[in-house]
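> The structure is given below, and queries will be raised subsequently.
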Amino acid sequence: MRRSALDFLGGVQSISLAQLSAILAVTNRPVCADFGGARFIQLYLYAHRVDGLEIGVYRFWPEPSELEQTRCGDQRVAAAGLSLAQELAGNACVAFSMIGDIERAVRAHGDRGYRYVHFEAGAIGHRLYLAAEALGLGATGIGAFYDEEVHRYLNLAPEQGQVVYHFAIGYPAADPRLEA
Ligand SMILES: Cc1cc2nc3c(=O)[nH]c(=O)nc-3n(C[C@H](O)[C@H](O)[C@H](O)COP(=O)(O)O)c2cc1C
């Protein structure tokens, strides 16, 4: 039954902090692969509508599970703009940038490290899809974004890595194409 939302409802309906916590918890489960010992993806969130969480940008620290606010204010236009002007990233309740530390992965694994960063991002993305579905929400992986603008917006130093995947979670808009 899982489908990618083609857009989200926007409006005022929010998700709870407990739902967001459950979603974030699955991103930190172990990756079952021979390269899965070290993690190379850092998550940033654009919180649009999460009860009890001020709107803004947050960095997710998995151990211990904490959100560090790095920007204040409405992020809907920015999240959509950075995602190649796809409105769904602004209409979601929360959008994500996954930042991959490719240099560290390549130091650890040679050239294959580049692929492993993307494998990890894909695994996290699929967990986000399933967690959202289990919570009665919708999700969409977003592979289209403006790399340099994302780095600038998140104030990433070059050694922090580069954006490899975006994601959005919220209340999916009904669309007949999803019935097919
Ligand atoms: C890596 C990846 C990148 C994607 N990028 C986008 C995107 O930029 N915009 C979008 O609307 N959907 C995006 N999608 C959603 C796909 O269009 C969708 O998964 C695909 O059409 C299959 O539909 P389904 O997920 O409902 O089975 C992406 C999905 C994945 C897995």
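> Which order do the peptides 7-15, 39-47 take when ranked by the mean count of other beta-carbon atoms within 10 Å per residue, highest first? Present the calculation step by step, with values, prior to reporting the outcome.
On the way: 7-15: 16.8, 39-47: 23.0.
Ranked by mean Cβ neighbours within 10 Å, highest first: 39-47, 7-15.
> Here is a follow-up. Relative to 2.2 N^0.38 Å, what does the C-alpha radius of gyration of the chain come to as a ratio? Two decimals please.
Numbers: Rg = 15.5 Å, N = 180, 2.2 N^0.38 = 15.8 Å.
In units of the 2.2 N^0.38 Å rule of thumb, it is 0.98.
> When ranked by the protection proxy of mean other Cβ atoms within 10 Å per residue, highest first, what sequence do the peptides 155-164, 25-34 form? Write down the numbers at each step before the final one.
Working: 155-164: 14.7, 25-34: 12.4.
Ranking, from highest mean packing down: 155-164, 25-34.
> Angle check, please: helix 17-27 long axis (alpha carbons) against the longest principal axis of the chain (alpha carbons), in degrees 0 to 90, nearest 10.
Tilt relative to the chain: about 30 degrees.
> Where does each of 166-176, 134-144 land if you order them by average Cβ count within 10 Å, highest first?
Details: 166-176: 20.4, 134-144: 18.3.
With the highest mean Cβ count within 10 Å placed first, the list reads 166-176, 134-144.
> Still on this structure, please answer the following. Please work out the Cα center distance from the range 107-150 to the range 1-74, rounded to the nearest Å.
The range 107-150 and the range 1-74 have Cα centres separated by 12 Å.
Bear in mind these aren't lab numbers, they're just calculated from the coordinates by the rules spelled out. All figures in this text were calculated on a predicted structure; none of them were measured in a lab. Here the Cβ is made from the backbone with ideal geometry for all residues, glycine too, and neighbour counts use every protein chain on show.
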